[in-house]
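The block underneath contains the structure these notes are about, expressed in C-alpha coordinates.
The values are calculated or read from the model by the stated rules, or taken from the named source; none is laboratory data. What you see is a predicted model; the values in this text were computed from it and never measured. For neighbour counting, all protein chains shown are included, and Cβ atoms are generated from backbone atoms with ideal geometry for every residue, glycine included. Ligands, DNA and RNA are excluded from the accessible area calculation, which covers all protein heavy atoms including side chains. Shrake-Rupley method; radii C 1.70, N 1.55, O 1.52, S 1.80 Å.
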Amino acid sequence: MTALSSIKARLVGTLLLLSSLVSVAAGYLSLSWSTASTRTIYQDRVVCLGQIASIRDGYDRITAILREIRESALAPRTGLERVAGMQAEINSAWSAYRATYLAPEEKLIASEVETRMRENASLLRGIGQAAETDSAGLRQMVQHALDTMVRPTHAALEKLTAFQIQETGQEFARSEQTAGRSKALLIACLAAAMLAIGFGLYTVVSGVVQAAQGTQLVTASIAGVRDAASETGAASAPVLASAGALARQSDRLGVEVATYLRNVQAA
(Lines give C-alpha, C1' and ligand atoms only; values in the text may rest on other atoms or scores of the structure.)
Protein backbone atom coordinates (compact mmCIF):
# COMPACT_ATOMS: atom_id res chain seq x y z
CA MET A 1 0.00 0.00 0.00
CA THR A 2 2.89 2.37 0.70
CA ALA A 3 4.21 1.92 -2.85
CA LEU A 4 0.73 2.48 -4.25
CA SER A 5 0.30 5.69 -2.24
CA SER A 6 3.68 6.90 -3.47
CA ILE A 7 2.67 6.28 -7.08
CA LYS A 8 -0.61 8.10 -6.56
CA ALA A 9 1.17 11.07 -5.01
CA ARG A 10 3.59 11.34 -7.94
CA LEU A 11 0.76 11.13 -10.44
CA VAL A 12 -1.25 13.81 -8.66
CA GLY A 13 1.81 16.05 -8.47
CA THR A 14 2.49 15.61 -12.19
CA LEU A 15 -1.10 16.40 -13.13
CA LEU A 16 -1.14 19.48 -10.91
CA LEU A 17 2.06 20.67 -12.57
CA LEU A 18 0.48 20.21 -16.00
CA SER A 19 -2.56 22.16 -14.80
CA SER A 20 -0.33 25.00 -13.66
CA LEU A 21 1.46 25.06 -17.02
CA VAL A 22 -1.85 25.19 -18.89
CA SER A 23 -3.05 28.03 -16.65
CA VAL A 24 0.17 29.99 -17.18
CA ALA A 25 -0.04 29.52 -20.96
CA ALA A 26 -3.66 30.67 -21.07
CA GLY A 27 -2.86 33.65 -18.84
CA TYR A 28 0.07 34.63 -21.06
CA LEU A 29 -2.13 34.47 -24.15
CA SER A 30 -4.76 36.63 -22.48
CA LEU A 31 -2.12 39.13 -21.35
CA SER A 32 -0.66 39.27 -24.87
CA TRP A 33 -4.04 40.13 -26.38
CA SER A 34 -4.64 42.81 -23.77
CA THR A 35 -1.17 44.28 -24.33
CA ALA A 36 -1.71 44.36 -28.10
CA SER A 37 -4.98 46.28 -27.65
CA THR A 38 -3.34 48.76 -25.28
CA ARG A 39 -0.42 49.21 -27.68
CA THR A 40 -2.83 49.98 -30.52
CA ILE A 41 -4.58 52.64 -28.46
CA TYR A 42 -1.30 54.23 -27.46
CA GLN A 43 0.51 54.14 -30.79
CA ASP A 44 -2.40 54.98 -33.11
CA ARG A 45 -4.35 57.40 -30.91
CA VAL A 46 -2.55 58.76 -27.85
CA VAL A 47 0.69 59.45 -29.73
CA CYS A 48 -1.29 61.06 -32.56
CA LEU A 49 -3.09 63.34 -30.11
CA GLY A 50 0.29 64.49 -28.83
CA GLN A 51 1.50 65.16 -32.37
CA ILE A 52 -1.64 67.15 -33.23
CA ALA A 53 -1.30 69.12 -30.02
CA SER A 54 2.32 69.90 -30.94
CA ILE A 55 1.19 71.21 -34.36
CA ARG A 56 -1.51 73.35 -32.79
CA ASP A 57 0.97 74.75 -30.25
CA GLY A 58 3.37 75.52 -33.09
CA TYR A 59 0.75 77.56 -34.93
CA ASP A 60 -0.16 79.33 -31.69
CA ARG A 61 3.48 80.42 -31.29
CA ILE A 62 3.60 81.52 -34.94
CA THR A 63 0.47 83.59 -34.31
CA ALA A 64 2.08 85.19 -31.27
CA ILE A 65 5.23 86.04 -33.28
CA LEU A 66 3.17 87.59 -36.10
CA ARG A 67 1.32 89.75 -33.61
CA GLU A 68 4.63 91.00 -32.22
CA ILE A 69 5.74 91.81 -35.77
CA ARG A 70 2.45 93.61 -36.42
CA GLU A 71 2.85 95.66 -33.24
CA SER A 72 6.52 96.38 -34.11
CA ALA A 73 7.53 94.66 -30.87
CA LEU A 74 9.80 92.32 -32.82
CA ALA A 75 12.01 92.88 -35.82
CA PRO A 76 10.47 91.24 -38.92
CA ARG A 77 13.65 89.38 -39.85
CA THR A 78 14.11 87.97 -36.34
CA GLY A 79 10.46 87.08 -36.06
CA LEU A 80 10.40 85.33 -39.44
CA GLU A 81 13.46 83.30 -38.51
CA ARG A 82 11.57 82.07 -35.46
CA VAL A 83 8.56 81.37 -37.64
CA ALA A 84 10.71 79.28 -39.99
CA GLY A 85 11.96 77.23 -37.04
CA MET A 86 8.39 76.67 -35.85
CA GLN A 87 7.33 75.62 -39.33
CA ALA A 88 10.10 72.99 -39.40
CA GLU A 89 8.86 71.58 -36.09
CA ILE A 90 5.28 71.55 -37.37
CA ASN A 91 6.27 69.75 -40.56
CA SER A 92 8.26 67.18 -38.57
CA ALA A 93 5.34 66.48 -36.25
CA TRP A 94 2.96 66.21 -39.22
CA SER A 95 5.24 63.76 -41.01
CA ALA A 96 5.38 61.61 -37.89
CA TYR A 97 1.59 61.70 -37.65
CA ARG A 98 1.15 60.72 -41.30
CA ALA A 99 3.43 57.71 -40.71
CA THR A 100 0.88 56.20 -38.29
CA TYR A 101 -2.20 54.20 -39.24
CA LEU A 102 -4.98 56.45 -40.53
CA ALA A 103 -8.59 55.34 -40.77
CA PRO A 104 -10.41 56.16 -44.06
CA GLU A 105 -12.40 58.99 -42.47
CA GLU A 106 -9.27 60.24 -40.76
CA LYS A 107 -7.47 60.49 -44.11
CA LEU A 108 -10.13 62.90 -45.38
CA ILE A 109 -9.71 65.15 -42.35
CA ALA A 110 -5.93 64.93 -42.65
CA SER A 111 -6.16 66.04 -46.29
CA GLU A 112 -8.12 69.08 -45.17
CA VAL A 113 -5.47 69.91 -42.57
CA GLU A 114 -2.71 69.53 -45.18
CA THR A 115 -4.52 71.93 -47.50
CA ARG A 116 -4.71 74.45 -44.68
CA MET A 117 -1.02 73.94 -43.86
CA ARG A 118 -0.03 74.61 -47.50
CA GLU A 119 -2.08 77.80 -47.51
CA ASN A 120 -0.44 78.88 -44.25
CA ALA A 121 3.01 78.22 -45.69
CA SER A 122 2.14 80.34 -48.74
CA LEU A 123 1.01 83.23 -46.53
CA LEU A 124 4.18 83.04 -44.47
CA ARG A 125 6.35 83.01 -47.60
CA GLY A 126 4.58 86.16 -48.78
CA ILE A 127 5.31 87.87 -45.46
CA GLY A 128 8.96 86.84 -45.74
CA GLN A 129 9.25 88.30 -49.24
CA ALA A 130 7.61 91.52 -48.06
CA ALA A 131 10.04 91.75 -45.15
CA GLU A 132 13.04 91.32 -47.47
CA THR A 133 11.90 94.16 -49.72
CA ASP A 134 10.94 96.28 -46.71
CA SER A 135 7.49 96.63 -48.14
CA ALA A 136 5.22 99.24 -46.62
CA GLY A 137 2.36 96.80 -46.72
CA LEU A 138 4.07 94.29 -44.39
CA ARG A 139 1.72 95.07 -41.50
CA GLN A 140 -1.32 94.60 -43.70
CA MET A 141 0.02 91.24 -44.92
CA VAL A 142 0.66 90.11 -41.37
CA GLN A 143 -2.85 91.09 -40.37
CA HIS A 144 -4.28 89.28 -43.38
CA ALA A 145 -2.32 86.17 -42.43
CA LEU A 146 -3.63 86.35 -38.88
CA ASP A 147 -7.22 86.74 -40.07
CA THR A 148 -6.90 83.98 -42.64
CA MET A 149 -4.72 81.47 -40.83
CA VAL A 150 -5.70 81.22 -37.17
CA ARG A 151 -9.35 80.20 -37.09
CA PRO A 152 -9.40 77.82 -40.11
CA THR A 153 -6.24 76.08 -38.91
CA HIS A 154 -7.57 75.63 -35.39
CA ALA A 155 -10.92 74.42 -36.74
CA ALA A 156 -9.24 71.76 -38.92
CA LEU A 157 -6.99 70.62 -36.08
CA GLU A 158 -9.92 70.52 -33.66
CA LYS A 159 -11.82 68.31 -36.08
CA LEU A 160 -8.83 65.97 -36.27
CA THR A 161 -8.51 65.99 -32.48
CA ALA A 162 -12.20 65.17 -32.04
CA PHE A 163 -11.84 62.23 -34.41
CA GLN A 164 -8.84 60.94 -32.46
CA ILE A 165 -10.76 61.16 -29.19
CA GLN A 166 -13.70 59.34 -30.75
CA GLU A 167 -11.45 56.61 -32.12
CA THR A 168 -9.70 56.32 -28.76
CA GLY A 169 -13.04 55.60 -27.11
CA GLN A 170 -13.90 53.02 -29.74
CA GLU A 171 -10.48 51.40 -29.44
CA PHE A 172 -10.94 51.25 -25.67
CA ALA A 173 -14.33 49.59 -26.13
CA ARG A 174 -12.78 47.06 -28.51
CA SER A 175 -10.00 46.49 -25.98
CA GLU A 176 -12.57 45.76 -23.29
CA GLN A 177 -14.29 43.29 -25.61
CA THR A 178 -10.96 41.61 -26.30
CA ALA A 179 -10.25 41.47 -22.58
CA GLY A 180 -13.66 39.91 -22.02
CA ARG A 181 -13.05 37.29 -24.68
CA SER A 182 -9.60 36.62 -23.26
CA LYS A 183 -11.09 36.16 -19.80
CA ALA A 184 -13.72 33.77 -21.13
CA LEU A 185 -11.05 31.83 -23.04
CA LEU A 186 -8.88 31.65 -19.93
CA ILE A 187 -11.76 30.33 -17.84
CA ALA A 188 -12.66 27.81 -20.56
CA CYS A 189 -9.05 26.64 -20.80
CA LEU A 190 -8.81 26.25 -17.05
CA ALA A 191 -12.10 24.34 -16.92
CA ALA A 192 -11.04 22.08 -19.78
CA ALA A 193 -7.66 21.52 -18.15
CA MET A 194 -9.23 20.63 -14.82
CA LEU A 195 -11.68 18.23 -16.49
CA ALA A 196 -8.90 16.60 -18.48
CA ILE A 197 -6.70 16.33 -15.42
CA GLY A 198 -9.54 14.90 -13.36
CA PHE A 199 -10.34 12.32 -16.01
CA GLY A 200 -6.66 11.45 -16.42
CA LEU A 201 -6.24 11.18 -12.66
CA TYR A 202 -9.26 8.90 -12.38
CA THR A 203 -8.10 6.74 -15.27
CA VAL A 204 -4.50 6.41 -14.09
CA VAL A 205 -5.34 5.82 -10.44
CA SER A 206 -8.01 3.26 -11.39
CA GLY A 207 -5.45 1.44 -13.52
CA VAL A 208 -2.92 1.49 -10.71
CA VAL A 209 -5.47 0.21 -8.19
CA GLN A 210 -6.56 -2.58 -10.53
CA ALA A 211 -2.96 -3.53 -11.18
CA ALA A 212 -2.24 -3.55 -7.45
CA GLN A 213 -5.31 -5.67 -6.78
CA GLY A 214 -4.24 -8.09 -9.50
CA THR A 215 -0.79 -8.28 -7.97
CA GLN A 216 -2.28 -9.01 -4.59
CA LEU A 217 -4.45 -11.78 -6.06
CA VAL A 218 -1.44 -13.34 -7.78
CA THR A 219 0.54 -13.15 -4.55
CA ALA A 220 -2.30 -14.81 -2.66
CA SER A 221 -2.52 -17.57 -5.28
CA ILE A 222 1.20 -18.21 -5.05
CA ALA A 223 0.93 -18.41 -1.28
CA GLY A 224 -1.96 -20.87 -1.59
CA VAL A 225 0.01 -23.07 -3.95
CA ARG A 226 2.97 -22.97 -1.59
CA ASP A 227 0.80 -23.95 1.37
CA ALA A 228 -0.83 -26.77 -0.61
CA ALA A 229 2.56 -28.04 -1.65
CA SER A 230 3.70 -28.00 1.95
CA GLU A 231 0.61 -29.88 3.07
CA THR A 232 1.10 -32.44 0.28
CA GLY A 233 4.72 -32.95 1.30
CA ALA A 234 3.72 -33.44 4.94
CA ALA A 235 1.07 -36.03 4.02
CA SER A 236 3.43 -38.06 1.79
CA ALA A 237 6.12 -38.43 4.42
CA PRO A 238 4.39 -41.35 6.39
CA VAL A 239 3.70 -43.15 3.14
CA LEU A 240 7.36 -42.97 2.20
CA ALA A 241 8.35 -44.22 5.66
CA SER A 242 5.99 -47.25 5.41
CA ALA A 243 7.30 -48.08 1.98
CA GLY A 244 10.85 -48.03 3.33
CA ALA A 245 9.92 -50.39 6.21
CA LEU A 246 8.28 -52.85 3.83
CA ALA A 247 11.34 -52.80 1.60
CA ARG A 248 13.58 -53.56 4.57
CA GLN A 249 11.33 -56.44 5.72
CA SER A 250 11.35 -57.87 2.19
CA ASP A 251 15.14 -57.77 2.17
CA ARG A 252 15.32 -59.64 5.51
CA LEU A 253 12.82 -62.26 4.30
CA GLY A 254 14.87 -62.83 1.15
CA VAL A 255 18.01 -63.37 3.23
CA GLU A 256 16.25 -65.87 5.54
CA VAL A 257 14.83 -67.88 2.58
CA ALA A 258 18.24 -68.06 0.97
CA THR A 259 19.79 -69.31 4.23
CA TYR A 260 17.12 -72.02 4.64
CA LEU A 261 17.63 -73.28 1.11
CA ARG A 262 21.39 -73.56 1.65
CA ASN A 263 20.82 -75.56 4.81
CA VAL A 264 18.45 -77.94 3.08
CA GLN A 265 20.93 -78.58 0.30
CA ALA A 266 23.72 -79.27 2.81
CA ALA A 267 21.59 -81.86 4.66
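Annotations for the structure displayed:
- Residue that is touching a Pro at 6+ places or on another chain (Cβ under 9 Å) and either open to solvent by 50 Å² or more (accessible area, probe 1.4 Å) or not in a helix (DSSP H, G or I) (or both), where the choices are 68, 105, 119, 81: 119
- Any hit, the stretch 87-109, residues being among the aromatic types (Phe, Trp, Tyr), over 37 Å from the mean Cα position of the chain (by Cα), over 20 Å from residue 129 (Cβ atoms) and modelled with pLDDT of 90 or more: no
- Some residue of the stretch 173-196 being more than 28 Å from residue 76 (Cα to Cα) and modelled with pLDDT of 90 or more: no
- For residue 136: the one exception among (1) outside any helix (DSSP H, G or I); (2) in contact with a Phe, Trp or Tyr (Cβ under 6 Å, 6 or more places away or on another chain): (2)
- Filtered by the rule that a residue be closer than 19 Å to residue 94 by Cα and free of Cβ contacts under 8 Å to residues at least 24 places away in the same chain, the stretch 159-172 gives a lone residue, 162.
- If you filter the stretch 47-65 down to residues that are hydroxyl-bearing (Ser, Thr, Tyr) and in contact (Cβ under 8 Å) with a residue 60 or more places away in the chain, you find that the one that is surrounded by the fewest Cβ atoms within 10 Å (Cβ to Cβ) is 63.
- Residue match in the stretch 78-98 (condition: closer than 19 Å to residue 165 by Cβ and among the β-branched types (Val, Ile, Thr)): no
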